[in-house]
Amino acid sequence: ETARRVSDYYQRLYGYNVSEDNITLTLGATEAVATALRTISCPGDKVVIFEPFHELYPSQCDIFYLDPVYVTLHASAEDGKWNYDLEELKDAIVDSKTKALILNTPHNPTGKVFSYEELKAIVDLCIQNDVYIITDEIYEHMTFPDENNKPREHILIPQAFPEAADRTLVCNSIGKSASATGWRLGWCLHP
């Protein structure tokens, strides 16, 4: 029943069909990310993480003997936006030991909402280098208007980029968006 409700949620909000068989229920988003990391990686593999980052990501890498590789988000002095350097990201992803990239958008702690173009570049690099994308979607509904005061919509990677659906694991929970942090109900959508 719960997996069916999660499936209904993605259909209703994003028009994205996900089978109940492709949903793993977890004890919150933290366990969903841990489950995703453990499922697709082996000790010694590398995981790309944007920094600054939530302390959860490197500590989970430590638990599973994974090596975090950091790509820095730089704050722009002109417009205050946080941006990554595409060459730095390429250097991190092309390593044959890189197994996954963790993507948190809206990003904690900066609030950055990755644009479609930024996500497309990330998706393309991951596909070219056989790297999985683990998305932490806990803040999906906490987007702020852009510089023209237009609302930003959350971009669900497997729906927006179907070519990446077979390498994207979407981690989420009802904790933040439903103000139910104590319930510890999370999930991972997986191929």
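Could you run through the stretch 4-14 and say how many residues are touching a helix residue (DSSP H, G or I) at 6+ places or on another chain (Cβ under 7 Å) and at pLDDT below 95? Full working, then the answer.
If we filter the stretch 4-14 for residues that are touching a helix residue (DSSP H, G or I) at 6+ places or on another chain (Cβ under 7 Å), which is where we start, we get 4, 7, 14.
Filter once more, keeping what is at pLDDT below 95: 14.
Result for the stretch 4-14: 1.
Which residue, of 100, 165, is surrounded by fewer than 21 Cβ atoms within 10 Å (Cβ to Cβ), aliphatic (A, V, I, L, M) and not in a loop (DSSP other than H, G, I, E, B)?
Values: 100 fails: surrounded by fewer than 21 Cβ atoms within 10 Å (Cβ to Cβ).
One residue alone meets the criteria, 165.
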Is there a residue in the stretch 143-157 that is open to solvent by 10 Å² or more (accessible area, probe 1.4 Å), touching a Leu at 6+ places or on another chain (Cβ under 8 Å) and at pLDDT below 95? yes
Among what's in the stretch 127-138 and is closer than 19 Å to residue 58 by Cα and not charged (D, E, K, R), pick the residue that is modelled with the lowest pLDDT. 138
Taking the conditions exactly as written (surrounded by 18 or more Cβ atoms within 10 Å (Cβ to Cβ), among the basic types (Lys, Arg) and part of a loop (DSSP other than H, G, I, E, B)), does residue 112 satisfy them or not? yes
Out of (1) open to solvent by 30 Å² or more (accessible area, probe 1.4 Å); (2) closer than 24 Å to residue 188 by Cβ; (3) touching a Leu at 6+ places or on another chain (Cβ under 6 Å), the odd one out for residue 71 is which? (1)
Would you be able to tell me the number of residues in the stretch 1-18 that are polar (S, T, N, Q) and more than 20 Å from residue 160 (Cβ to Cβ)? 1
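How many residues, within the stretch 84-97, are surrounded by fewer than 18 Cβ atoms within 10 Å (Cβ to Cβ) and at pLDDT 95 or above?
Counting residues in the stretch 84-97 that are surrounded by fewer than 18 Cβ atoms within 10 Å (Cβ to Cβ) and at pLDDT 95 or above gives 7.
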Which residue, of 40, 49, 63, is farther than 19 Å from residue 168 by Cβ and hydrophobic (A, V, I, L, M, F, W, C)? 63
What residue, among those in the stretch 1-48 that are crowded, with 18+ Cβ neighbours inside 10 Å and of a type in the set (Gly, Ala, Ser), is nearest to residue 96 (Cα to Cα)? 41
State the number of residues belonging to the stretch 129-157 that are in contact (Cβ under 8 Å) with a residue 12 or more places away in the chain and more than 20 Å from residue 190 (Cβ to Cβ). 7
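The values are calculated or read from the model by the stated rules, or taken from the named source; none is laboratory data. Here the structure is a predicted model, which is why all the values come from computation and not from measurement. All Cβ positions, glycine included, derive from the backbone under ideal geometry; neighbour counts span all protein chains shown. Quick note on the areas: whole protein, heavy atoms, side chains included, nothing else; ligands and nucleic acids left out. Shrake-Rupley method; radii C 1.70, N 1.55, O 1.52, S 1.80 Å.
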